[in-house]
Amino acid sequence: MGHCFTGKDLFDNFPVNKLKMSKEQCIATYPDGNKRDLAASIFTRSVQMVVDDIIDNNVDFKFPTLGRTQAYLRMKRTEGKKFKKAFKNGKWNDVDFLTSNFSGYQISLDMESRKRTSRQKNIYLSPKDRDRITENTNLGKQY
């Protein structure tokens, strides 16, 4: 089992009193005037911009971490036996496997550390974003 949460869930304990905005300024920027929702919408939009950049421009997003740990959002290529197994189970059904050279792509969170083993977590995207990745893959783009 994985974990799932929304942008608003991240801001449940956000200290809104530290935002130096008046109610009127907040209403001018965000229709309902809720500072917590405004902060969540800014965060959600920035994450969407990062995902769009990864899909369209094939970039790796490095998180600003402290210490010895490094974390990246990047496109992960699945190929070989793992691809065949996932393809048989219904993943990447709409990918042209000849054009993609028997590979599929998904965004993953890679966490690297000197003291721990490296970990990868798959990022689940909206159907619109998944379709863009599939479309790019079927056009021959390799990430």
Please verify whether segment 87-98 includes one or more residues that are in contact with a Gly (Cβ under 9 Å, 6 or more places away or on another chain), assigned to a loop (DSSP other than H, G, I, E, B) and among the aliphatic types (A, V, I, L, M).
-> yes
Of (1) of a type outside the set (S, T, N, Q); (2) outside the structural domain of R132 (by TED's automatic domain parsing); (3) part of a helix (DSSP H, G or I), M21 satisfies all except one. Which?
-> (3)
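Step by step: first the residues of segment 91-117, then only those that are among the small types (G, A, S) and modelled with pLDDT of 90 or more, then the one that is nearest to I54 (Cα to Cα). Which residue is that?
S108
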Does any residue in segment 127-143 that is over 16 Å from N93 (Cβ atoms) and touching a residue at least 60 places away in the same chain (Cβ under 8 Å) come within less than 6 Å, Cβ to Cβ, of a residue that is buried (at least 17 other Cβ atoms within 10 Å of the Cβ) and polar (S, T, N, Q) six or more places away or on a different chain, and which pairs are these?
-> none
Residue ID - nearest to S118 (Cα to Cα), chosen from residues in segment 56-86 that are in a loop (DSSP other than H, G, I, E, B) and of a type outside the set (D, E, K, R) | T69
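When you check T44 against the structure, is it farther than 28 Å from N122 by Cα and among the β-branched types (V, I, T), yes or no? Outline the logic, then answer.
On the way: farther than 28 Å from N122 by Cα: no; among the β-branched types (V, I, T): yes.
Criteria not met by T44.
The values are calculated or read from the model by the stated rules, or taken from the named source; none is laboratory data. This structure is a prediction, so every number in the text was calculated from the model and none was measured. Neighbour counts are summed over all protein chains in view; Cβ atoms, including those assigned to glycine, are modelled from backbone coordinates with ideal geometry.
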